[in-house]
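A short worksheet on the structure shown next.
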Amino acid sequence: MRTRESVTAVIKAYDVRGVVGRDIDADFIRETGAAFARLMREEGETTVAVGHDMRISSPELSRAFAEGVVSQGLDVVLLGLTSTDELYFASGSLDCAGAMFTASHNPAAYNGIKMCRRGARPVGQETGLATVIDELVEGVPAYTGTPGTITEKDLLGAYADYLKKLVDISGIRPLKVAVDAANGMAGLTVPAVFRGLPLEIHPLYFELDGSFPNHEANPLEPSNLEDLRRYVVETGSDIGLAFDGDADRCFVVDEKGDAVSPSAICAIIAETYLKKQPGSTIIHNLITSKAVPEIIAENGGTAVRTRVGHSFIKAKMAETGAVFGGEHSAHYYFSEFFNADSGILAALHVLAALGSQDRPLSEMMARYNRYVASGELNTRLASAQEQAERTQAVLDAFADRAESVDHLDGVTVELKGTPAWFNVRASNTEPLLRLNVEGTSQAEVDALVTEILGIIRV
């Protein structure tokens, strides 16, 4: 029997995540597998595909989860080493539920689970995880029927073939591409997907190593892009791609070694879709640049704003029939990929756009950068009450300068007399209060950041 506090500490808004040996262990994961299987069985599911990343603890934990699933009468297909988007491909192509063992960009001591229904449909707090929490607290009832079976399947080749059919770049001009896999799963998937394409690949840290010996697999942190930025220039590459640990996110660096805003990537992919499917709906989360909905509107599309997090975006994609969705954290979602996110599919779209014209990437992307952004700035505040108090203090300080305030996800404040805005929200996965600011100049953004952090970090 576990306390609700200990369970909710690791089962977040849309996944499971914690330090192995402290927050989660094989027994906890086995019971989580059993609870998830009960939920899926009640919904008519019969099979769960299970994949894992290269973290040291992933094989043991994924096997424990599989044991929990089969104990409740469902079958398991073990995929072995897998990127998160390959797991979503498995869920979609095999028409079964799925579970991916990864802690994404978190340090090596962490691990976790991203779970989905058949067709890669999300499982979040509001769509099943609350039931899993209840059973872990109260005890998972034993199943008296016949246990399920465990089989193994390798889908890497089928996954690579599927992606290459979605974006055909076989006819583009040859490109030099530097890729930083950060010792994560892109080291396995990039060679499979890029094989046979007109790309000269310059690999960096492709060795699978869950201890992350070179740098953390979190390209959202600028310091983790430094090696790739230098490598792009050294190799004379046309573009650099950086993936996180489970390869569901992709960050882009131009030929000068400068990072390209994920919002700009959202905009160019949205524009590509709207040329092919005029009038379509495009999803963007609330911390993407204002340029994203502006460009969607200018291209005749309908922009739908949503909160941060993959389970929320996927649900909104399904609800609205959107063809594409983008987050400023470099998660990109595609209707033809089961409404799921794929870093390497986003990369293929950017490569297609770059290779179909002669300008360098920096020039091609210039028109998508209309505003200046702070990037995500985090403050560690473990108490939810403390997070709420600091957020309210920020609102109080800007009460007379706010044009509007909304509470879709944390608080987003639009300022009077300027396009500038900021968002303050609690992280869904870590004890952090996150700040994002956007304005018309670096000076305006810097001033707002200084003032707001001065209130948050008292």
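The values are calculated or read from the model by the stated rules, or taken from the named source; none is laboratory data. It should be emphasised that the depicted structure is a prediction, and the values quoted were computed from it without experimental measurement. When we count neighbours, we look across all protein chains shown, and the Cβ atoms used for this are built from the backbone with ideal geometry, even at glycine. What goes into the accessible areas is simple: the full protein's heavy atoms, side chains included, and nothing from ligands, DNA or RNA. Shrake-Rupley method; radii C 1.70, N 1.55, O 1.52, S 1.80 Å.
Every condition in (1) part of a strand (DSSP E or B); (2) out of contact with any helix residue (DSSP H, G or I) (no Cβ under 7 Å at 6 or more places or on another chain); (3) open to solvent by less than 10 Å² (accessible area, probe 1.4 Å) is met by Gly80 except one, and the failing one is (3). The condition of being assigned to a strand (DSSP E or B) and either more than 30 Å from Val19 (Cα to Cα) or open to solvent by less than 50 Å² (accessible area, probe 1.4 Å) (or both) holds for only one of Asn428, Asn423, that being Asn423.
For the range 381-395, enumerate the residues that are of a type in the set (A, V, I, L, M, F, W, C) and either open to solvent by 30 Å² or more (accessible area, probe 1.4 Å) or modelled with pLDDT of 95 or more (or both). Explain how you work it out, then say what you get.
Narrowing the range 381-395 to residues of a type in the set (A, V, I, L, M, F, W, C): 381-382, 384, 388, 393-395.
Result: Ala382, Ala384, Ala388, Ala393, Val394, Leu395.
Any idea how many residues of the range 3-46 are part of a loop (DSSP other than H, G, I, E, B), in contact (Cβ under 8 Å) with a residue 60 or more places away in the chain and open to solvent by less than 60 Å² (accessible area, probe 1.4 Å)? Adding up the residues that qualify gives 6. Check whether at least one residue in the range 367-380 is of a type in the set (Val, Ile, Thr), open to solvent by 20 Å² or more (accessible area, probe 1.4 Å) and touching a residue at least 12 places away in the same chain (Cβ under 8 Å), and report yes or no. Within the range 367-380, one or more residues are of a type in the set (Val, Ile, Thr), open to solvent by 20 Å² or more (accessible area, probe 1.4 Å) and touching a residue at least 12 places away in the same chain (Cβ under 8 Å). For Thr144, state whether it is β-branched (Val, Ile, Thr) and touching a residue at least 12 places away in the same chain (Cβ under 8 Å). Against the criterion (β-branched (Val, Ile, Thr) and touching a residue at least 12 places away in the same chain (Cβ under 8 Å)), Thr144 does not qualify.
A quick yes/no check of all residues on (1) over 23 Å from the mean Cα position of the chain (by Cα); (2) of a type in the set (Val, Ile, Thr):
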position	(1), (2)
Arg359	yes, no
Glu363	yes, no
Ser374	no, no
Ala384	yes, no
Ala393	yes, no
Phe398	yes, no
Ala402	yes, no
Val413	yes, yes
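Identify all residues within the range 163-191 that are closer than 30 Å to Glu67 by Cα and touching a helix residue (DSSP H, G or I) at 6+ places or on another chain (Cβ under 9 Å); write none if there are none. Correct list: Met185, Ala186, Leu188, Thr189.
Scanning the range 172-188 for residues that are in contact with a Leu (Cβ under 7 Å, 6 or more places away or on another chain) and not aliphatic (A, V, I, L, M) gives Asp180, Asn183, Gly187.
Of all positions in the range 123-132, at least one carries a residue that is closer than 21 Å to Arg249 by Cα and in contact (Cβ under 8 Å) with a residue 60 or more places away in the chain. Among the residues that make up the range 434-456, is at least one of them part of a loop (DSSP other than H, G, I, E, B), of a type outside the set (S, T, N, Q) and at pLDDT 95 or above? Scanning the range 434-456 turns up no residue that is part of a loop (DSSP other than H, G, I, E, B), of a type outside the set (S, T, N, Q) and at pLDDT 95 or above. The residue that is farthest from Leu74 (Cα to Cα), counting only those in the range 26-44 that are touching a Leu at 6+ places or on another chain (Cβ under 7 Å) and not acidic (Asp, Glu), is Ala26. Any residue that is in contact with a Leu (Cβ under 9 Å, 6 or more places away or on another chain), open to solvent by less than 30 Å² (accessible area, probe 1.4 Å), of a type outside the set (Phe, Trp, Tyr) and not in a strand (DSSP E or B) - is there at least one of those in the range 223-231? There is at least one residue in the range 223-231 that is in contact with a Leu (Cβ under 9 Å, 6 or more places away or on another chain), open to solvent by less than 30 Å² (accessible area, probe 1.4 Å), of a type outside the set (Phe, Trp, Tyr) and not in a strand (DSSP E or B). Only one of the numbered conditions (1) outside any helix (DSSP H, G or I); (2) surrounded by 21 or more Cβ atoms within 10 Å (Cβ to Cβ) is not met by Tyr143, and that is (2). Take Leu433 and tell me if it is within 30 Å of Ser237 (Cα to Cα) and touching a residue at least 24 places away in the same chain (Cβ under 8 Å). No. Of the residues making up the range 288-302, those that are open to solvent by 10 Å² or more (accessible area, probe 1.4 Å) and either closer than 25 Å to Ser441 by Cα or touching a Phe, Trp or Tyr at 6+ places or on another chain (Cβ under 7 Å) (or both) are Ser289, Lys290, Pro293, Glu294, Ala297, Glu298. Cβ-Cβ contacts under 7 Å between residues 6 or more apart (or on different chains), taken from a first residue in the range 325-348 that is in contact (Cβ under 8 Å) with a residue 40 or more places away in the chain and open to solvent by 10 Å² or more (accessible area, probe 1.4 Å) to a second residue that is aromatic (Phe, Trp, Tyr) and outside any helix (DSSP H, G or I), are listed as Asn339/Tyr333. Leu156: at pLDDT 90 or above and under 30 Å from Ala318 (Cβ atoms), yes or no? Yes: the conditions hold for Leu156.
Residue by residue through the range 349-360, note down the ones that are farther than 28 Å from Arg434 by Cβ and open to solvent by less than 60 Å² (accessible area, probe 1.4 Å).
Our first condition is that a residue be farther than 28 Å from Arg434 by Cβ; within the range 349-360, this holds for 351-360.
Within the range 349-360, Leu351, Ala352, Ala353, Leu354, Gly355, Gln357, Pro360 meet the criteria.
On the basis of being assigned to a helix (DSSP H, G or I), open to solvent by less than 20 Å² (accessible area, probe 1.4 Å) and within 27 Å of Ala217 (Cβ to Cβ), does Ala66 make the cut? Yes; evaluated as a whole, the condition is true for this residue. Screening Asp95 against (1) open to solvent by 10 Å² or more (accessible area, probe 1.4 Å); (2) under 25 Å from Glu430 (Cα atoms); (3) at pLDDT 95 or above leaves a single unmet condition, (2).
Here the condition is being surrounded by 13 or more Cβ atoms within 10 Å (Cβ to Cβ) and out of contact with any Phe, Trp or Tyr (no Cβ under 6 Å at 6 or more places or on another chain); of Thr149, Thr127, it holds for Thr127 alone.
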